[in-house]
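What follows is a short report on a single structure.
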Amino acid sequence: MVGTFDIEAVIRQDGRDDIRVPYVVNLNVPPMPTPSSSASSPIGKGVPGSPGAYATPIAPAEARALRNPIANTLASAERGRLIYTQSCVTCHGVTGKGDGPSAVAIRPPPADLSMHVSLHTEGDLWWWVTNGIAGRPMPAWRDALTDDERWDVVNYMIDEFSPNARRTP
């Protein structure tokens, strides 16, 4: 739906005060088609609530539950960096902000990985790299990269773009 939506996220933890995060989402573009098995999240390109924010399709529940079978080692992250540099930089940019050289011509614009990576599970990220995003210019890489290579890219993205990076020695 096109329109302005007031949304409030409430995070509840036992023994702690609730954390409330209100924001406004302005959807001023026609909705993008998503796979029938996907819902949409109000988190999109740019700051939630700003004009030009696009909904991000949510990966299926079975994808969100996937765990990375490739240990996040320096070697894995380096393999992922090489693949990212070759295949992803043109859209997502070196810093992952969705500002690569091709991004100016892409609508909706590429995801800002510096914002998205820490908000999604490893399984979400792997699923999007594997299957692309329907109705978006994000391509599926399942035929071009092996499962392990796609997990290496996930390890690199987590290390490079997430404040919650974790690496095993």
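The values are calculated or read from the model by the stated rules, or taken from the named source; none is laboratory data. Only a predicted model underlies this, so the values are computations on that prediction, with no experimental measurement involved. Note that each Cβ is placed from the backbone with ideal geometry, even for glycine, and that neighbours are counted across all protein chains shown.
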* To do: Could you tell me whether Leu145 is out of contact with any helix residue (DSSP H, G or I) (no Cβ under 6 Å at 6 or more places or on another chain), modelled with pLDDT under 95, at negative phi and not hydroxyl-bearing (Ser, Thr, Tyr)?
  => no
* Counting only residues that are within 19 Å of Arg64 (Cβ to Cβ) and in a loop (DSSP other than H, G, I, E, B), how many does region 118-157 have? -> 10
* Structure fact -> Contact list, first residue from region 91-117 and farther than 13 Å from Phe161 by Cβ, second anywhere and β-branched (Val, Ile, Thr) and assigned to a loop (DSSP other than H, G, I, E, B), beta-carbon distance below 8 Å, six or more apart or interchain, is Cys91/Ile106; Gly100/Val94; Pro108/Val29
* **Any hit, region 44-52, residues being at pLDDT below 85, charged (D, E, K, R) and either surrounded by fewer than 12 Cβ atoms within 10 Å (Cβ to Cβ) or out of contact with any Ser or Thr (no Cβ under 8 Å at 6 or more places or on another chain) (or both)** => yes
* Asked: Counting only residues that are among the small types (Gly, Ala, Ser) and buried (at least 19 other Cβ atoms within 10 Å of the Cβ), which one in region 53-88 is modelled with the lowest pLDDT?
  -> Ala53
* Asked: Just one of Val94, Val117, Val154 is surrounded by fewer than 18 Cβ atoms within 10 Å (Cβ to Cβ) and either more than 14 Å from Ala59 (Cβ to Cβ) or not aromatic (Phe, Trp, Tyr) (or both); which is it?
  -> Val94
